[in-house]
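The values are calculated or read from the model by the stated rules, or taken from the named source; none is laboratory data. Treat the numbers as computed from the prediction; the structure is a model and nothing was measured. Cβ placement follows ideal geometry from the backbone for every residue including glycine, while neighbour counts extend to all protein chains displayed.
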Amino acid sequence: MSPVERARAALANEAARIICETGLMDYRLAKEKAAEVLPAESAAGLPRNIEVRDAVLAYQQVFGGQAFEQQLTALRRKAIRVMRWLSAFRPRLVGGVLSGAIGLEPRQHDIQLHVFADAVEELDIHFLNQGIDFETGAVRLQIQRGVYEERPVCEFLFDGTPVAATVFSERGGRQPPISSVEDAPIRRASIKDIERLLGHT
């Protein structure tokens, strides 16, 4: 490994430590904080998001142990429950609960979903009919290479866990947006996919 590669790896490992120990979800901010801790290494340039993600997974294996695995399993099972509750909107799990690249403190993590509807109001009506408090916002996603678009997001609590449901149109949302971590289409998982992760038959 070259000196530059060693420096980038040290920064990725420090960013992973920050993410896992503080629950920080922003990879860019974690890398900037790592550069403040390791200023000499930062001269080599900041690591890519995927390097940080891989360092997070490695950190979990070393420090997380069985307790972390149990926490991640619990989050994935809860994701299945909320997806069944939103079944009319064909939900798909994305993000850290799917990849496993989350910190060691589960209370600081949300369940991220992609859902499909002709209008975000359909989701709003579902929440109102069920008596669920929610907030709406927007997220900027890379829909195609170099093409960005804002999509509406509904945020709510499900059994005490924050859930962020990004709404895609029925026709235009089939192709996943580009992941800022892997620079490839975001991986989406159905309930059956998650059950396979959990070892269900």
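Of the conditions (1) touching a helix residue (DSSP H, G or I) at 6+ places or on another chain (Cβ under 8 Å); (2) in contact (Cβ under 8 Å) with a residue 60 or more places away in the chain; (3) surrounded by fewer than 16 Cβ atoms within 10 Å (Cβ to Cβ), residue 73 clears all except one; give me its number.
Single failed check for residue 73: (1).
Here's a check for you: in segment 1-47, which residue that is in contact (Cβ under 8 Å) with a residue 60 or more places away in the chain and surrounded by fewer than 17 Cβ atoms within 10 Å (Cβ to Cβ) is nearest to residue 184 (Cα to Cα)?
We begin by selecting, within segment 1-47, every residue in contact (Cβ under 8 Å) with a residue 60 or more places away in the chain; these are 19-25, 27.
Adding the requirement that they be surrounded by fewer than 17 Cβ atoms within 10 Å (Cβ to Cβ) leaves 21-25.
Working: 21: 27, 22: 27, 23: 24, 24: 23, 25: 19 Å.
Filtering segment 1-47 for residues that are in contact (Cβ under 8 Å) with a residue 60 or more places away in the chain and surrounded by fewer than 17 Cβ atoms within 10 Å (Cβ to Cβ), the one nearest to residue 184 (Cα to Cα) comes out as 25.
Determine whether segment 176-196 contains at least one residue that is of a type outside the set (A, V, I, L, M, F, W, C), in a strand (DSSP E or B) and in contact (Cβ under 8 Å) with a residue 40 or more places away in the chain.
Scanning segment 176-196 turns up no residue that is of a type outside the set (A, V, I, L, M, F, W, C), in a strand (DSSP E or B) and in contact (Cβ under 8 Å) with a residue 40 or more places away in the chain.
Kindly check whether there is at least one residue in segment 121-135 that is touching a Phe, Trp or Tyr at 6+ places or on another chain (Cβ under 6 Å) and touching a residue at least 40 places away in the same chain (Cβ under 8 Å).
Of all residues in segment 121-135, those touching a Phe, Trp or Tyr at 6+ places or on another chain (Cβ under 6 Å) come to 127, 132, 134.
After this cut, where a residue has to be touching a residue at least 40 places away in the same chain (Cβ under 8 Å) as well, the list is none.
No: segment 121-135 contains no residue that is touching a Phe, Trp or Tyr at 6+ places or on another chain (Cβ under 6 Å) and touching a residue at least 40 places away in the same chain (Cβ under 8 Å).
Of the numbered conditions (1) surrounded by fewer than 19 Cβ atoms within 10 Å (Cβ to Cβ); (2) under 30 Å from residue 152 (Cβ atoms); (3) among the hydrophobic types (A, V, I, L, M, F, W, C), residue 98 fails exactly one; give the number of that condition.
For residue 98, the failing item is (1).
Against the definition (within 18 Å of the chain's Cα centre (by Cα), at pLDDT 95 or above and either crowded, with 17+ Cβ neighbours inside 10 Å or β-branched (Val, Ile, Thr) (or both)), how does residue 115 come out, yes or no?
Taking the combined requirement at face value, the residue satisfies it.
Among the residues of segment 21-31, is any part of a helix (DSSP H, G or I) and either over 26 Å from residue 178 (Cβ atoms) or more than 23 Å from the chain's Cα centre (by Cα) (or both)?
Within segment 21-31, one or more residues are part of a helix (DSSP H, G or I) and either over 26 Å from residue 178 (Cβ atoms) or more than 23 Å from the chain's Cα centre (by Cα) (or both).
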